[in-house]
Every structure is written in structure tokens, then in C-alpha cells.
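The values are calculated or read from the model by the stated rules, or taken from the named source; none is laboratory data. Remember, it's a predicted structure, so these values are computed and weren't measured experimentally. Here Cβ is always computed from backbone atoms with ideal geometry, including for glycine, and neighbour counts include all displayed protein chains.
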Amino acid sequence: MEFIRANCDYPSDWAGEVERTEILNDLIITVTHVYPKDKTSSFHVTSFFRTEDGKIKSVDEYWADDGEAPDWRKQMGIGKRIHGTYHP
């Protein structure tokens, strides 16, 4: 979990908190809320950590913006807002 802590303690004006952790054999899945300390934006990150011999072997991350969809996506008419816990 040091990898997550390093991301949450990134030396800037960012903060984060791990909201959920699941462990399935050699796979650790986390959901983390990441945001600048001024709360002008908000992201949720789902990370998949593969481990081997107690060490992280690989990481895949998927970031989602909790704010408004970008203009290019609005213009295409795809996607819809999912109500969540975003607090600007």
C-alpha cells in the first residue's frame, strides 16, 4: 500500500483517500478519491495491482473525472452523468 500512499502524499496541493480495497489472491483492487486541496476538481481512480512474492509486479489504473463531461464528448452526445459524491 506504500504505492497508494506515495500517490496520496504527492508533493503538491493534492490529497487523496482510499475508499475501498479488495484482495483476490495475487490481485489487489483499490478505489481511491483524488483531488486538489482546493477541491476545484475531483477524480476516482480504480487501480489493479498484481503482486508476486509480496511485491507489486504491475499496476493498471483507470481515472474518472467526477466533474462535467468534456465539451468534445457532449458534442458527440455520448455518455450520461452518474450521480456520485463530488463536492467542489
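Return the residues of the range 12-58 that are exposed (fewer than 13 other Cβ atoms within 10 Å of the Cβ) and among the β-branched types (Val, Ile, Thr); say none if nothing qualifies. Of everything in the range 12-58, those that are exposed (fewer than 13 other Cβ atoms within 10 Å of the Cβ) and among the β-branched types (Val, Ile, Thr) turn out to be Ile23, Thr40. Inside the range 17-44, residues that are part of a strand (DSSP E or B) and charged (D, E, K, R) make up a count of 4. Scanning the range 27-55 for residues that are more than 11 Å from the chain's Cα centre (by Cα) and modelled with pLDDT under 90 gives Pro36, Lys37, Asp38, Lys39, Thr40, Ser41, Gly54. Here are some residues: Tyr86, Tyr62. Which one is among the hydroxyl-bearing types (Ser, Thr, Tyr) and at pLDDT 90 or above? When all the criteria are applied, what remains is Tyr62.
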